[in-house]
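In what follows, a single structure is set out as structure tokens and then discussed.
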Amino acid sequence: MPKFLEQWTVQPHEALEEIDDGILTVAGEIVMPLGRFPRRMTVVRLAGGGSLIWSAIALNEREMKRIEGWGEPRFLIVPNQAHRLDSRIWKQRYPAIKVIAPPGARSAVEEAVSVDAASDVVHDPQIGFHLVEQKAQEFALTVQRAAGTTLIVNDSIGHVRHPHGIGAWIMARLMGFGVSGPQVPRVVRRMMIDDPKGLARQFRRWAEIPDLKRIIVSHGEPIAGDPAGALRKLAASLD
């Protein structure tokens, strides 16, 4: 795949799922030799109208109209430099959208799209921004709803339980993207984490969120069964 797309290109994806009030998520796939590697976009409805897009994926027009039903998307979060593939074409479609990227990834993201901010400029009282303990290269979000809190992470946790095709299976296995259960991917540990114990402490802090309902990852399935326990187990793997 290219580093980023130049025109609206729809790769295989499922339908948007409203996983909680005002939180949509959709599983997509990157077509690769001998398989398709899973990826995920999440959309959060904002208190002031419109939406926030996390790790953008180009969808078919039916699903895009569903997003636009909440109002025009207002913020596009590129959560790290590896997730800039669709960023330029989203900005082309929505010229007024504000692009946010982590400070450590800003220069790489700007190869694809101009970045408006490297911190929280959304200012929605139900959304919390977190800079992951990974060289300031990745964001995470917490989203509060009546039913509980959703934690949205990017590459710091993989949960690719069902990779499609031999190529995707090999990639998920070799890179450690959580085929057998939630995992800090090996490639992330090697290239992005300079303080494993710091990340472990961050996981434990998130595990203490009293109403933590689920974790949405950018590669793989949401973690809904005992998300706090999953975070503590991940933290232990980093000690």
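The values are calculated or read from the model by the stated rules, or taken from the named source; none is laboratory data. The structure presented is a predicted model; accordingly, all values stated were derived computationally and were not measured. Note: ideal-geometry Cβ built from the backbone for every residue, glycine included; neighbour counts use all protein chains shown. SASA here: full protein model, heavy atoms, side chains in, ligands and nucleic acids out. Shrake-Rupley method; radii C 1.70, N 1.55, O 1.52, S 1.80 Å.
Can you confirm whether the stretch 201-217 contains a residue that is within 14 Å of VAL153 (Cβ to Cβ), in a loop (DSSP other than H, G, I, E, B) and open to solvent by 60 Å² or more (accessible area, probe 1.4 Å)?
No - not one qualifying residue is present in the stretch 201-217.
Take the residues in the stretch 172-200 that are at pLDDT below 70 and not in a loop (DSSP other than H, G, I, E, B); name whichever of them is surrounded by the most Cβ atoms within 10 Å (Cβ to Cβ). Write out each step before concluding.
If we filter the stretch 172-200 for residues that are at pLDDT below 70, which is where we start, we get 172-176, 178.
So of that shortlist, the ones also not in a loop (DSSP other than H, G, I, E, B) come out as 172-175.
On the way: ALA172: 25, ARG173: 14, LEU174: 11, MET175: 20.
Once the filter is applied, the top-ranked residue is ALA172.
One line per residue, one yes/no per condition, for (1) modelled with pLDDT of 95 or more; (2) touching a Phe, Trp or Tyr at 6+ places or on another chain (Cβ under 8 Å); (3) closer than 19 Å to ASN154 by Cα:
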{"site": "ILE19", "(1), (2), (3)": "yes, no, yes"}
{"site": "LEU24", "(1), (2), (3)": "yes, no, yes"}
{"site": "GLY49", "(1), (2), (3)": "yes, yes, no"}
{"site": "PRO79", "(1), (2), (3)": "yes, yes, yes"}
{"site": "PRO95", "(1), (2), (3)": "yes, no, no"}
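Give the residues of the stretch 26-41 that are crowded, with 20+ Cβ neighbours inside 10 Å and either modelled with pLDDT under 85 or of a type in the set (Lys, Arg) (or both), sorted by residue number.
PHE37, ARG39, ARG40 - these are the residues of the stretch 26-41 that are crowded, with 20+ Cβ neighbours inside 10 Å and either modelled with pLDDT under 85 or of a type in the set (Lys, Arg) (or both).
I need the full set of residues from the stretch 218-239 which are surrounded by 19 or more Cβ atoms within 10 Å (Cβ to Cβ) and among the polar types (S, T, N, Q), in order please.
SER218
Of the residues in the stretch 104-126, how many are out of contact with any strand residue (DSSP E or B) (no Cβ under 8 Å at 6 or more places or on another chain) and not in a loop (DSSP other than H, G, I, E, B)?
So the count comes out to 5.
Select from the stretch 120-146 the residues that are open to solvent by 60 Å² or more (accessible area, probe 1.4 Å) and farther than 21 Å from ILE19 by Cα and list them in ascending order.
Across the stretch 120-146, the qualifying residues are HIS123, LEU131, GLU133, LYS135.
Looking only at the stretch 65-103, which residues are open to solvent by less than 50 Å² (accessible area, probe 1.4 Å) and part of a loop (DSSP other than H, G, I, E, B)?
GLY71, VAL78, PRO79, ASN80, ARG84, LEU85, ASP86, TYR94, ILE97, ALA101, PRO102
Quick one: how many residues across the stretch 45-56 are farther than 18 Å from GLU138 by Cα and of a type outside the set (S, T, N, Q)?
Number of matching residues: 6.
ARG88: under 21 Å from GLN7 (Cα atoms) and of a type outside the set (Gly, Ala, Ser), yes or no?
Taking the combined requirement at face value, the residue satisfies it.
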